[in-house]
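J.: Before I ask anything, here is the structure I am working with.
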Amino acid sequence: MSEDNLKGPNGEDVLSSVRHDAAVASTNRFYEDHAVEYFSWTFGAQTQFVLDRFLSHLPAKASISGRDLKFFLSRGHCALGIDASTALVQMAAQHSGAPCEVARIESISYEDRFDGIWACASLLHLPRDAFRPALRCLNRALKRGGTLFMAVQEGQGEAILPDGRLYVYYSEDDIRKSLDAAGLAVDELWTSQNSAKAVHQPVWINVIATAR
């Protein structure tokens, strides 16, 4: 299959390269304009099994950054929410009661702060050339021996969906090499799908890695 007719996991046309500045801006606009809709859509996501798998790598009363703030707090951990969308940060803080801040994941400046970072579908909108720098930022933010969970979609190339969002796809080999280059050691890697019944269901690459 040539790069000119690649298809993404949702059946969208995939490009070998896209205008990243415009794509990042349109992705940001989507989450600001559709914050309520997106929050409602993802609120009931079934992630219990993966959350428990992630937490099994952490100490009791860990310091965690991640999306599922209320769950982490209910398990006795300290949690901080970070998102690039002001609207979603406000909703997350109101829903969870946890502190939340507006920041892009590739520009966070924490060092040796967290026992764990939960980056579920947080990295798939980054331009490809920003992916490894973002992983290095996350590695610096983790305590040595801390745990990162991340999930991205499997595939080739990049796509801008009709709603304006940028999606960047990876192979398992891409992920392993990128994590190693960022100073993170892979502990577990597995693939999953949200629902076997759905058409054009994306395959997710899930990873638990340790900060070296």
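Every number in this text was worked out from the coordinates using simple rules, so none of it is lab data. Not measured: the values here are computed from a predicted model. For neighbour counting, all protein chains shown are included, and Cβ atoms are generated from backbone atoms with ideal geometry for every residue, glycine included.
J.: Suppose we filter Glu106, Glu111 for residues that are in a loop (DSSP other than H, G, I, E, B) and of a type in the set (Asp, Glu); which single one remains?
T.: Glu111
J.: Please tell me if Val203 is touching a residue at least 12 places away in the same chain (Cβ under 8 Å) and under 24 Å from Trp41 (Cα atoms).
T.: yes
J.: Return only the number of the condition from (1) more than 24 Å from Trp41 (Cα to Cα); (2) without any contact (Cβ under 8 Å) to a residue 60 or more places away in the chain that His57 does not satisfy.
T.: It fails just one condition, (2).
J.: Something else about it: For the range 147-170, which residues satisfy the criterion of being within 17 Å of Arg128 (Cβ to Cβ) and either among the charged types (D, E, K, R) or without any contact (Cβ under 8 Å) to a residue 24 or more places away in the chain (or both)?
T.: Those that are within 17 Å of Arg128 (Cβ to Cβ) and either among the charged types (D, E, K, R) or without any contact (Cβ under 8 Å) to a residue 24 or more places away in the chain (or both): Glu154, Glu158, Arg165.
J.: Just give me the residues in the range 155-179 being surrounded by fewer than 17 Cβ atoms within 10 Å (Cβ to Cβ) and either part of a strand (DSSP E or B) or of a type in the set (Ser, Thr, Tyr) (or both), in sequence order.
T.: The answer is Ser171, and nothing else.
J.: Only one of these conditions is not met by Lys143: (1) in contact with a strand residue (DSSP E or B) (Cβ under 9 Å, 6 or more places away or on another chain); (2) basic (Lys, Arg); (3) over 26 Å from Phe49 (Cβ atoms). Which number is it?
T.: (3) is the only condition that Lys143 fails.
J.: Out of the residues in the range 95-129 that are among the polar types (S, T, N, Q) and over 18 Å from Val168 (Cα atoms), which is surrounded by the most Cβ atoms within 10 Å (Cβ to Cβ)?
T.: Ser96
J.: Condition test on Ala92, is it hydrophobic (A, V, I, L, M, F, W, C), buried (at least 20 other Cβ atoms within 10 Å of the Cβ), over 15 Å from the mean Cα position of the chain (by Cα) and in a strand (DSSP E or B)?
T.: no
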